[in-house]
Amino acid sequence: MKFFTLASTMLLASGAIAAPGTARRAERHRKRVANRSGNPMIKSNGAAAVAAANISNVEYSENWAGAVLIGTGYKSVTGTFTVPTPSTTGSGSAWVGIDGDTCDTAILQTGIDWTKSGSSITYDAWYEWYPDYAYDFSGISIAAGNTITVTVTATSDTAGTAVIENVSTGTTVTHTFTGGEDGDLCEYNAEWIVEDYEEGDSLVTFADFGTVEFTDCSATDGSGTVGTTGATIIDIEQNNKVLTSCSVPSSSEVLCTYV
């Protein structure tokens, strides 16, 4: 997510609406061509969210869809998916991350974006340590149908790595966060997310992405390696309309479909 937000402010919705910023972050953001950001989860206040208020392990968000493990001590998250082909004008992203749901101070995440404009579809690979903005990887190309593995690892609450491997092309890119980041991780959340991210001061038009299926999903916490069993399922609800249908078919999968 580039700013994972499941919550009810557009700020986190598809990237927090406008991340609080220092002059340094603002300058970095100005220099980014894409001007894209992800946010913490922005919870929905729509009809579906109200109806599901008393259902365990189900939440609705304005900007996140997917699955989130809630606990303590999450140090690494990984998953593999096939790059989708959006069928309608708009954008979206798929990523894995640590924090952003029950922790609001930082998110470590990495993933890809897609944008369809007319007959053209473009893809970008990125990394982010919220509340700083997302930055594009160089040296990797992404195409529809490629198999992508994404991994984030926290070596401390202020340092870690983001890795994207294009399995189809044999290319891997890595970014290392060496500390001194603007927010500290809580290590409360491990997540596999499809996001309607933010660009400028609002969420982008959310494209029909078809289906994104995360496979080989796992996370590490204080007890060792865990899967997606028991994760909270999140669906996007905007303007009282539910846009996604997500599930956890097995202990190593997260499936999201645009509806």
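Assorted remarks:
- Across the stretch 69-81, computed HN-Hα scalar couplings (Karplus, 6.51 cos²θ - 1.76 cosθ + 1.60, θ = phi - 60°) run 8, 10, x, 9, x, 6, 10, 7, 9, 9, x, 10, 8 Hz from first to last residue, x flagging Gly and Pro.
- An oblate overall shape is assigned to the stretch 137-209, the ratio a/c of its alpha-carbon gyration tensor axes (a ≥ b ≥ c) being 1.5 or greater and a/b not exceeding b/c.
Laboratory data are not the source of any read-out in this text; all were calculated from the coordinates shown. If you're wondering where the values come from, they're calculated on a predicted model, not measured in any experiment.
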